[in-house]
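The values are calculated or read from the model by the stated rules, or taken from the named source; none is laboratory data. Since this is a predicted model, take the numbers as computed values, not measurements. We place every Cβ from the backbone using ideal geometry, glycine too, and count neighbours over all the protein chains shown.
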Amino acid sequence: MRYKAIFFDRDGTLTYFTKEKESWRDRQISEWSGKQFELSYEKMMNLFHLASEGRKPWYKTLEDEKDFFKRYYYHLLVGEGVTEDVKEKAECLFSELWCNGDRKLFPETVEVLEYFKNHGYKMGVISDTSPSLEFTLQELGIAEYFTSFTASSLVGAGKPSPIIFNAALNAQRVTARESIFVDDCKEEADGAREQGFTSFYLDRSGIHSDKYIINNLKQLIDFVEREGKDHATDDHPSR
């Protein structure tokens, strides 16, 4: 087998965010504040700054992360003009929104993970995210497929930095050339390829096409099966 390991991004690759949770959040905050709530990127980044309280990194453990997001929702409500029972309402938002049904699996995710597990691949996740990476996948019932969970918050660098890719490779004791990577961000998929991975950009829109672009995770199975046939042909040339 040419490849020994396969690494997946999480959000947008294995999982997607549920619109229902976001809609609930917006309705609830609007009701408490008496005005329409919208979370712009600038507002979100300012809330991250406030919740961090000047700490870098923001969090290194699961407990750090929980405390961080409780502060995040507290500052959010204060910023929206909520004055009554702010701490209790922040706890309500945290309980409803943090790792509580906010993600779902794409339809083909389990089938693809089963295939690579049954064919002896080492499997890992590489994600620009917080310490709850493994916890979120446990909640979705797929953590058991993986033997490494490489989160940017824990290694101190995000994709496409070589630091995070090397941390994932070291965790699995494989080289980049022995590994496949897939991500729904083109820049990050390209960055892995520059490090020596056989790397695919997952474009679920189907708009783009290229040798290293796939539209569904099941195309990874097609790829490795073609590779296997080609390798077998090379080992047994016709005479």
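I need every pair where a residue in segment 37-51 that is in contact (Cβ under 8 Å) with a residue 24 or more places away in the chain has its Cβ under 8 Å from the Cβ of a residue that is surrounded by 14 or more Cβ atoms within 10 Å (Cβ to Cβ) and polar (S, T, N, Q), sequence separation at least 6 or different chains. Between residues of segment 37-51 that are in contact (Cβ under 8 Å) with a residue 24 or more places away in the chain and residues that are surrounded by 14 or more Cβ atoms within 10 Å (Cβ to Cβ) and polar (S, T, N, Q), the close pairs are PHE37/SER30. If you check LEU137 against the conditions, is it buried (at least 17 other Cβ atoms within 10 Å of the Cβ), modelled with pLDDT of 95 or more and more than 21 Å from LYS4 (Cα to Cα)? Spelling it out, LEU137 is indeed buried (at least 17 other Cβ atoms within 10 Å of the Cβ), modelled with pLDDT of 95 or more and more than 21 Å from LYS4 (Cα to Cα). Look at segment 95-122: where a residue is surrounded by fewer than 15 Cβ atoms within 10 Å (Cβ to Cβ) and a partner is among the β-branched types (Val, Ile, Thr) and assigned to a loop (DSSP other than H, G, I, E, B), sitting 6+ places away or on another chain with Cβ atoms under 9 Å, you get GLY101/THR18; LYS104/THR18. Scanning segment 191-222 for residues that are of a type in the set (Asp, Glu) and in a loop (DSSP other than H, G, I, E, B) gives ASP203, ASP210. If we scan segment 56-76, do we find a residue that is exposed (fewer than 15 other Cβ atoms within 10 Å of the Cβ), polar (S, T, N, Q) and not in a loop (DSSP other than H, G, I, E, B)? Scanning segment 56-76 turns up no residue that is exposed (fewer than 15 other Cβ atoms within 10 Å of the Cβ), polar (S, T, N, Q) and not in a loop (DSSP other than H, G, I, E, B).
Scanning segment 168-187 for residues that are touching an Asp or Glu at 6+ places or on another chain (Cβ under 9 Å), surrounded by fewer than 24 Cβ atoms within 10 Å (Cβ to Cβ) and among the acidic types (Asp, Glu) yields one hit, ASP184.
Scanning segment 40-65 for residues being touching a Lys or Arg at 6+ places or on another chain (Cβ under 8 Å) and on the phi < 0 side of the Ramachandran plot gives a total of 2.
On the given criteria, is PHE165 crowded, with 20+ Cβ neighbours inside 10 Å, closer than 21 Å to PHE223 by Cα, among the aromatic types (Phe, Trp, Tyr) and in contact (Cβ under 8 Å) with a residue 12 or more places away in the chain? It is false that PHE165 is crowded, with 20+ Cβ neighbours inside 10 Å, closer than 21 Å to PHE223 by Cα, among the aromatic types (Phe, Trp, Tyr) and in contact (Cβ under 8 Å) with a residue 12 or more places away in the chain. Restrict the check to segment 87-96 and report whether at least one residue is more than 30 Å from ARG204 (Cβ to Cβ) and assigned to a loop (DSSP other than H, G, I, E, B). No: zero hits. Is there a residue in segment 78-86 that is under 22 Å from the mean Cα position of the chain (by Cα) and hydroxyl-bearing (Ser, Thr, Tyr)? There is no residue in segment 78-86 that is under 22 Å from the mean Cα position of the chain (by Cα) and hydroxyl-bearing (Ser, Thr, Tyr).
If the condition is being part of a loop (DSSP other than H, G, I, E, B) and touching a helix residue (DSSP H, G or I) at 6+ places or on another chain (Cβ under 9 Å), then segment 6-23 contributes ASP9, ARG10, THR13, LEU14. For ASN100, the conditions (1) outside any helix (DSSP H, G or I); (2) at pLDDT 95 or above are fulfilled apart from (2).
Of the residues LEU39, LEU50, only one is touching a helix residue (DSSP H, G or I) at 6+ places or on another chain (Cβ under 6 Å) and either surrounded by 14 or more Cβ atoms within 10 Å (Cβ to Cβ) or over 30 Å from LYS122 (Cβ atoms) (or both); which? Matching residue, one of LEU39, LEU50: LEU50. Once segment 1-43 is narrowed to residues that are of a type in the set (Gly, Ala, Ser) and under 23 Å from GLU188 (Cα atoms), the residue that is nearest to the chain's Cα centre (by Cα) is GLY12. Would you confirm whether any residue within segment 145-162 is without any contact (Cβ under 8 Å) to a residue 12 or more places away in the chain and either within 21 Å of ASN118 (Cα to Cα) or touching a helix residue (DSSP H, G or I) at 6+ places or on another chain (Cβ under 9 Å) (or both)? Taking every residue of segment 145-162 in turn, at least one turns out to be without any contact (Cβ under 8 Å) to a residue 12 or more places away in the chain and either within 21 Å of ASN118 (Cα to Cα) or touching a helix residue (DSSP H, G or I) at 6+ places or on another chain (Cβ under 9 Å) (or both).
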